[in-house]
Amino acid sequence: MARKILIAEDHLACRQGIRTLLSEELPTYEFHFATTHRELTAELRMGHWELVMLDLSLPGASGLDDIKKIKIMSPRTYVLVYTICPEAQLGLRALRAGADGYLTKDRPMEELFLAVHRVLSGKRYISATLAERLAMTLAFPQEKEVHELLSDREYQILRMLGNGLSPTAIGGQLQLSVKTVSTYRTRVLEKLNLQTTAELIRYSIEHSIS
């Protein structure tokens, strides 16, 4: 059986660049693409993947939901998150969702190779900074920021509202009704003790949530 890696990435130049680099590093592997959440789901149904390299910004669903879906549909598949999303924002949430590694796209190519090899060997890959953040969270759980206590979906809605997206636009991207998005918005406002979307946007800026 061929050893296969699925690159779940919607940007053409990025996914072709990843394949070119990894084809040289891992010449015995086959590489395939998924550009949307729907394509990712279809590829998971078609057979076993040894590794999914996942961009958390894949259109059609939450990236954290995609991690959970991969682990449900294909428990033996490793997941390496490779994304522009800063690890301080989503690193811990990705690990809790089941990711085997987390790497941001601004890291050197050598680190990408290291991360891929480590995850394929059955080990986790996280940066020293993320490891320290994880250790601090475990040691001092009571010192979490309020937004860190939000559910994954609530946090996602917070990020999208903070980026200026309307409930209609958010619903379209996440395949949720506007009413459902508005319900999440209300919950987020209540948990953060805020009153308006403007205050929510200001909160997002102050806490570097983007």
Candidates S127, S57, S177; GNM for the chain (alpha-carbon contacts under 10 Å) flags as most fluctuating S177
Log entry: pair-distance distribution for segment 146-206, C-alpha pairs binned every 10 Å from zero, whole % per bin is 25, 62, 13
Listed residues P75, P167, P108; largest mean-square fluctuation, Gaussian network over the chain with Cα springs below 10 Å, found at P108
Taking a straight Cα-to-Cα line shorter than 18 Å from K105, and setting aside same-chain aspartates and glutamates fewer than 8 residues away, one finds E9, D10, E25, D55, E87
Helix-only [θ] at 222 nm, the chain, -39500 (n - 2.57) per DSSP H run of 4+, per residue, nearest 500, equals -16500 deg cm²/dmol
Computed over the Cα atoms of segment 3-138, the Rg and Dmax in Å are 13.7, 40
Dipole check, segment 146-206, charges on Cβ (K,R +1; D,E -1), about Cα centroid: among L189, T168, L150 the Cα furthest to the positive pole belongs to T168
Ranked by GNM mean-square fluctuation in the chain (Cα springs under 10 Å), the top entry among I157, I18, I126 is I18
Taking r as the C-beta separation of S166 and M136 and R0 as 41 Å, the FRET efficiency to the nearest 0.05 is 0.70
In nm, the gap between the two label points placed 7 Å beyond Cα toward Cβ at R45 and T28 is 3.2 nm
Computed for segment 64-129: size of charge dipole around the Cα centre, +1 on C-beta of each Lys and Arg, -1 on C-beta of each Asp and Glu, debye to nearest 20, value 320 debye
Segment 14-70, convex hull of Cα, quarter of hull surface, nm² -> 3.9 nm²
Toy charge model, Lys and Arg Cβ at +1, Asp and Glu Cβ at -1: the chain dipole around Cα centroid in debye, rounded to 20, equals 600 debye
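Taken together, the values in this text are just the output of simple stated rules run on the coordinates, not laboratory data. Bear in mind the structure is a predicted one, so any value in this text is a computation, not a measurement. FYI the Cβ positions are ideal-geometry reconstructions off the backbone, even for glycines, and counts take in every protein chain you see.
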